[in-house]
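Report on the following structure.
The values are calculated or read from the model by the stated rules, or taken from the named source; none is laboratory data. Since we're looking at a predicted model, the values are computed, not measured. Cβ sites come from the backbone with ideal geometry, for glycine too, and all protein chains shown count toward neighbours.
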Amino acid sequence: MISKPVVRLTAKDIISTHKLFVEHATVIAPEKDDVIHEILADLGTDLNLRNLVGDLPDLTTSSSEETREMFQEAGETEIALTLSSKHDQFDINEPTDSKAIFVQTKGMCVDLLRIQPGETLSDVLDTPPSEEIRKKFSDMIQRQIEKGHGDHLLIRRYTTALHTSNPTIDTVKSKIKRNLDILEEDGLVSRQTNYQEIINAIAKDITNQARHRKQRRVEKKRLNKTLTQLNEKESFHEEQYTFYQQYINSALENMAKARNLRGSGASGGAKATNTDFKSKSVKYSAQRLYEKGVILEIEGIQRFQYRSISIEIRQIDASKFEVHAKFLGNLVEKTELIIQDLLQLQFDGVTVCKIGSQVKVNVNLLIFLINKKLYGKLGKK
């Protein structure tokens, strides 16, 4: 006897191939009476995972992460396609492939074991159910019918296997036994082991689901961390923008003042001099700036001595400052500070720099202090 050719493809590949045939049917089969057109007409144009694989929830009513993962796994399901005449008579709902029968049996066993536990699967199948167990099984089916309006995974499983949406526990047991006989002939299960292969497969599915859930939690945690970092970066750039805007506004105001002073001198008014720029300054103890986070360290100086050091920042012009460091009232160091240099450091991502020979400062907080205490006062009387 000659065996019919069998091709194994994933559900995703079958759907993609069918879509290509539909889109390019006139190129593949230019003749209108070609059998390809007849086959495509029988199959229709709407081929998807639900009507190909079955046992999948409706994405229009359930869009959870678990549902999406179920669809992804279903797309990788391998399906055996046997070359057959379209006129052959067979039940399209009854699986013929051993793998499909195994999956169907496993699903029914899960439902059965929820209601009637036992030492082994054989014990459960051979033990007649009590009226209480029969009622529990019937109630479970009824709840799913009411909850899913007849479209739940469990209901469609039995519609496919038993051609009814309201099976009894006895009919389910009978179907499981028939399937196990087929699977035993194919060497997939054994009566000698009490069909432990089915139980092992169920346990493996539960373990895999737990692992997938754990992986999703880890991935979610990683994405949340990335989102937090992006939000922090966004806040930082918004602050940068504010600093630059304040500096530009201050520079424009000073330029306007300088032009006005030059105009007054040219028209015979007061003559513009360097003394026309009103110097502004801010003064803190090194301890206070350390507490604010502006100063990080003063090399060669103990922490308890910070209270004896005063730091004064004087504005020389719109973009230039002098930093005076005094110890017990005596000037020990004077350093020139240019705002453009600080902004360039900030732009380059440098967070720490030295002022003078000893003082390490936080670049961002120093710029913030200058903007708030000096540039922020420009234009105010």
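Annotations for the structure displayed:
- In the range 36-149, counting only helices (runs of 4 or more DSSP H) that sit wholly within it, the ones holding 3 or more residues that are surrounded by 15 or more Cβ atoms within 10 Å (Cβ to Cβ) and at pLDDT 85 or above span 98-115, 121-126, 131-148.
- Close pairs from the range 234-252: first not assigned by TED's automatic domain parsing to the domain that holds Asp317, partner assigned to a helix (DSSP H, G or I) and at pLDDT below 80, Cβ under 6 Å, at least 6 apart: Gln246/Tyr375; Ser250/Tyr375
- Residue, surrounded by the most Cβ atoms within 10 Å (Cβ to Cβ), within the range 293-307, restricted to residues that are of a type outside the set (Ser, Thr, Tyr) and in a helix (DSSP H, G or I): Gln305
- For the range 189-216, filtering for residues that are out of contact with any Leu (no Cβ under 9 Å at 6 or more places or on another chain) and either of a type outside the set (S, T, N, Q) or assigned to a helix (DSSP H, G or I) (or both) leaves 18.
- Exclusive hit being touching a residue at least 12 places away in the same chain (Cβ under 8 Å) and within 13 Å of Ala286 (Cα to Cα), set Val359, Val363: Val359
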